[in-house]
Amino acid sequence: MFTGLELSPRSPEANRPGRSVSVIGVRSSYRDRSGASLQALTGVSLHANHGELLAVVGPSGCGKTTLLELICGLQSPDAGTIECAPAALMPQRDLLLPWLSALDNAALALRIAHRPRAEARARAAGLFAELGLEGFEQAHPHELSGGMRQRVAFLRTLLSGKPVLCLDEPFGALDAITRTEMQGWLGRALEREPRTVVLVTHDVEEAVVLADRVAVLSARPGRVRADLEVDLPRPRSRTDPELIALREQALIALGLGAPCSA
Amino acid sequence: MLLVIGLLGAWEVYVDSSSTSSSILPAPHSIAEALWGNAGLLGHNLAITAEEVGLGILLALALGFVLAVLIHVSPLLRRAFYPLAVGSQAVPIAVIAPLLVLSWGFGLLPKLVVIVLICFFPVLVTTVDGLAGVDADQLKLLRTLDASRWQSFRFAELPAALPAAISGARIAVTVGVIGAYIAESQTASIGAYAGLGREINSDIYALQTPRAYAAAVVLFAFAIVCFYTLALAERRLAPWANRP
């Protein structure tokens, strides 16, 4: 379905992957409302290989969103380098355009790329069924549930055709049941449409269930506390002891090690 | 509705029980009679005023919208136009209306100028706010999708500004009716048909007070109809607006 992009399959044995995203020694600051300069990130080095899902976890305000904006080229770092294939951002809020139907929102990137409206809609419509959105093509964003809106926003990001997807807490605003459903769905969607993904989340379990690697950031200024491989077969079970062990490792890196603290 | 009936009833009772002459304060029933008896005349004059106000509002919408977009996209044009636009609202319309009539005659043009001058400003202000109110994150997102400046405008800012502009026009339509009245007051009567404003003035001079009130009632109803027509237009054109 997704032609025009040569993407490597997600199984790590199938290729010797090159880097899609390299963040090397990046420092970044921003100004708060009073104009004071605050360090968001310091000495952050991360990378994601082609077709990999890199999860970035960290406490609130550790510069995760800044990191994604750097990767997407919306900001430049104060120091360090970022090498990255073209990246599309799925922001924390879905930011669907209220005046467009779900279908037109999903197809927005294609319209921006000057594709004819009919073609753009046809391509988006093809994916609607796969994402469980059939029948809602003409619905406007206010008529959709939170989970559906996130799926439309994800589709919009996917249809940008960019090899790297930056997902900023895509399920953070959803209730626990919907979130679990959406995690399963994201995993399946990426198996069908493989991309390099940088997933920012504050949910450690979400990170280890979905990711190939998990980078743990400290509180502000964010620096990398741990970089964990998740070399487990998919689909993963949340009760797999190896997964639980990794989750525990990530929690320890966050300073939340005690088993009862979560 | 009950409020209107109550007020009219009180008015009727007051006029009937006091010895006020109907040429000073006519009772509702005599206004109703004047309304009925002069339906043709009032209808013709309404058509004239409605044309002025309708055209004037459309022109004011267009002018206000275009100016708002210019102000929005260019800080230079903002500095150039905004103070002028604000200043234009301080010009006493009652003073310049006769001057406009002097230079452009008794036709439609000077009336349109007065109405547009009054009405473009609310449209301008609400549209500028509507354009500026677009979520900064939204524009950021469009940039990551490689949208050009024009595409950001077309997909995000323009649709956001549309209901704002119509809201401005809803504010404008009520003052626009006053503008029409002022402009018409300055024109000499050409035959009997010169708009409701002219009608009100000549009736007052002729002590045809019930008819003047009847004309005012028509103007009143016209303003309400315009207001709700624009509200309807807003719901049609921008069904996403005013949703939680």
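The values are calculated or read from the model by the stated rules, or taken from the named source; none is laboratory data. What you see is a predicted model; the values in this text were computed from it and never measured. Positions of Cβ are backbone-derived with ideal geometry, glycine not excepted, and every protein chain shown enters the neighbour counts. Side chains included, ligands, DNA and RNA excluded: accessible areas come from the protein's heavy atoms. Shrake-Rupley method; radii C 1.70, N 1.55, O 1.52, S 1.80 Å.
Bridges between two residues of the stretch A:119-262, per DSSP, are antiparallel at a rate of about 50%. Considering only B:Ala34, B:Ala169, B:Leu124, and ranking their Cα positions along the charge dipole of the stretch B:29-237 that arises from unit charges at the beta-carbon of Lys, Arg, Asp and Glu, the one farthest toward the positive end is B:Leu124.
In units of the compact-protein estimate 2.2 N^0.38 Å, the stretch B:45-132 shows a Cα radius of gyration of 1.17. At the residue level, A:His50 shows approximately 80 square angstrom of accessible surface with a 1.4 angstrom probe and all protein chains present.
What is the mean number of Cβ atoms from other protein chains located within 10 Å of the Cβ atom of each residue in peptide B:153-166, rounded to a whole number?
Details: counts 0, 2, 7, 4, 0, 1, 4, 3, 0, 1, 1, 0, 0, 0.
That works out to 2 on average.
Overall dimensions of chain B, expressed as equivalent-ellipsoid semi-axes from the Cα gyration tensor (√(5λ), whole Å, largest first), are 42, 22, 14. On a per residue basis, the convex hull of the C-alpha atoms belonging to the stretch A:116-229 measures out at 129 Å³.
What relative contact order, as a whole-number percentage, does the stretch A:183-244 give when Cα pairs under 8 Å and 6 or more residues apart are counted? Walk me through the numbers before you get to the answer.
Working: 46 pairs, mean separation 14.9, N = 62.
The normalised contact order for the stretch A:183-244 reaches 24 percent.
Of the complete DSSP H runs in chain B, those spanning 20 angstrom or more by Cα along the long axis with a mean Kyte-Doolittle score not below 0.5 are B:2-17, B:39-73, B:108-132, B:158-185, B:209-237. Rounded to the nearest 10 degrees, the angle from helix A:241-253 to the longest Cα principal axis of chain A is 60 degrees.
Summed over both chains, the accessible area lost when A and B associate is about 1900 Å², using a 1.4 Å probe.
In square nanometres, what is one fourth of the surface area of the convex hull spanned by the alpha carbons of the protein assembly as shown? Numbers along the way, then the final one.
Values: hull surface 131.0 nm².
Projected area, direction-averaged: 32.7 nm².
All other residues with a Cβ under 12 Å from the Cβ of A:Gly58 taken together, and with Lys, Arg as +1 and Asp, Glu as -1, what is their net charge?
Here the count lands on +2.
Can you work out the FRET efficiency for the pair B:Glu51 and A:Ala122, with r the C-beta to C-beta distance and R0 = 60 Å, to the nearest 0.05?
Working: r = 47 Å, r/R0 = 0.78.
Calculated transfer efficiency: 0.80.
For the stretch B:112-178, the solvent-accessible area with a 1.4 angstrom probe is 34 square angstrom per residue. The magnitude of the dipole of the stretch B:29-237, with charges of +1 and -1 set on the Cβ of Lys/Arg and Asp/Glu and taken from the Cα centre, is near 460 debye.
Using 0.36 nm times the number of residues separating B:Ala221 and B:Ile5, minus their current alpha carbon distance, what extension gain do you get? Kindly include the intermediate steps, with their values, before the conclusion.
Details: separation 216, 0.36 × 216 = 77.76 nm, distance 1.53 nm.
Full extension from B:Ala221 to B:Ile5 adds 76.2 nm.
Modelled label positions at A:Thr239 and A:Arg27, each set 7 Å beyond Cα in the direction of Cβ, lie 4.9 nm from each other. Sequence neighbours fewer than 8 away in the same chain don't count; with that in mind, list the aspartates and glutamates whose C-alpha is under 16 Å from B:Lys111. Excluding near neighbours in sequence, the set is B:Glu51, B:Glu52, B:Glu184, B:Glu199.
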